[in-house]
Amino acid sequence: MSAITAWTRRHRLTAFFGLAFTLSWWAWPFYAAGIAPTPFFACGPVLAALVVIAVTDGRAGYRDLFARLTHWRVGWTWWAVAVALPLAVLAVAVAANVTIWDAPAPDFGAVAWADVGLFAAVRFVNPLDGPIGEEPGWRAYALPRLQEKQSPLRAGVILGALVALWHLPLVTSGMLAPFGLPVTFAITLVYVWLVNRTGGSALMAVVFHVSQGAIGAAALGFTGADADRLGWLTGTLWCVVAFGVVTADRAAWLSPRHVRRSADVSV
């Protein structure tokens, strides 16, 4: 066993997070120098999980990852939550944008729903997009291992801070408002709650992520300040939702009993 392999097996999570950041951020300095088209690749977490599993757990690790990503028997209620909660948050934000700030009401008949559906379908298989690029890493690999040593709340706080930091290149390049970082931290807690309440189903995280980004401001006809305001409203509502799931469902945050345990690991 090489020294690198031995170290990785002792420090699986450290290796995973380090590799996830490296694989996602490597283009950032080249983008800043004007010689790369993007500062950021969303596929870093999934690639990091695949590499670390190959070094540490092999086939057993891949079977565990696949099981979490295909765990669909969670009850129709949780399927509804995964699909409808992001749409409900968007609907409330749109309603506030229109009724309080006099933004133009969306013409739902003019929305290209076929394009929205196609975009959502592609997100289920595109590793360069968030749902497949992130969820196998953050929620299928890192979360259950964090919860081997930490309570769900502490694990969610750690994961939320790291995932928010991971988005930093998007902020420095102007692709994400700085407000997006605390929102990312907050919504990570919602992801943790959903995954734990569905018995460790990372599939629900993928569905949730697809639904969350399926309909953007432009698709609803918002532009300029109205689109920016919709982003602020949506982000604020996600912070409220995160506060709600933490305070209203305290039992879910005290122990990792909702998560199938994996092998003992060190960070």
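The values are calculated or read from the model by the stated rules, or taken from the named source; none is laboratory data. Since the model is a prediction, treat every value here as computed from it, not as a measurement. All Cβ positions, even for glycine, are placed from backbone atoms using ideal geometry, and neighbour counts span all protein chains on display.
Odds and ends about this structure:
Residue-by-condition table, conditions (1) at pLDDT 95 or above; (2) touching a helix residue (DSSP H, G or I) at 6+ places or on another chain (Cβ under 6 Å); (3) not charged (D, E, K, R):
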position	(1), (2), (3)
26	yes, no, yes
41	yes, yes, yes
45	yes, yes, yes
48	yes, yes, yes
54	yes, no, yes
63	yes, no, no
71	yes, yes, yes
75	yes, no, yes
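- Residue satisfying condition, being among the small types (Gly, Ala, Ser) and farther than 22 Å from residue 206 by Cα, within set 24, 2: 2
- Residues considered: 217, 225, 177. Of these, the only one that is more than 19 Å from residue 87 (Cβ to Cβ) and free of Cβ contacts under 8 Å to residues at least 24 places away in the same chain is 225.
- Test: residue in region 205-212 that is at pLDDT 95 or above, surrounded by fewer than 21 Cβ atoms within 10 Å (Cβ to Cβ) and within 21 Å of residue 247 (Cα to Cα): no
- Residue check, residue 28 in contact (Cβ under 8 Å) with a residue 40 or more places away in the chain, within 19 Å of the chain's Cα centre (by Cα) and over 14 Å from residue 134 (Cβ atoms): no
- The one condition in (1) under 27 Å from residue 98 (Cα atoms); (2) in a helix (DSSP H, G or I) that residue 203 fails to fulfil: (1)
- Residue match in region 20-28 (condition: of a type in the set (Phe, Trp, Tyr), surrounded by 14 or more Cβ atoms within 10 Å (Cβ to Cβ) and part of a loop (DSSP other than H, G, I, E, B)): yes
- The listed residue being buried (at least 16 other Cβ atoms within 10 Å of the Cβ) and more than 17 Å from residue 169 (Cβ to Cβ), out of 63, 59, 12, 73: 12
- Number of the condition not met by residue 17 [criteria: (1) surrounded by 13 or more Cβ atoms within 10 Å (Cβ to Cβ); (2) in a loop (DSSP other than H, G, I, E, B)]: (2)
- Residue check, residue 158 surrounded by fewer than 18 Cβ atoms within 10 Å (Cβ to Cβ) and of a type outside the set (Asp, Glu): no
- Residues that are assigned to a loop (DSSP other than H, G, I, E, B) and either of a type in the set (A, V, I, L, M) or surrounded by 18 or more Cβ atoms within 10 Å (Cβ to Cβ) (or both), drawn from region 29-40: 33, 35, 36, 39, 40
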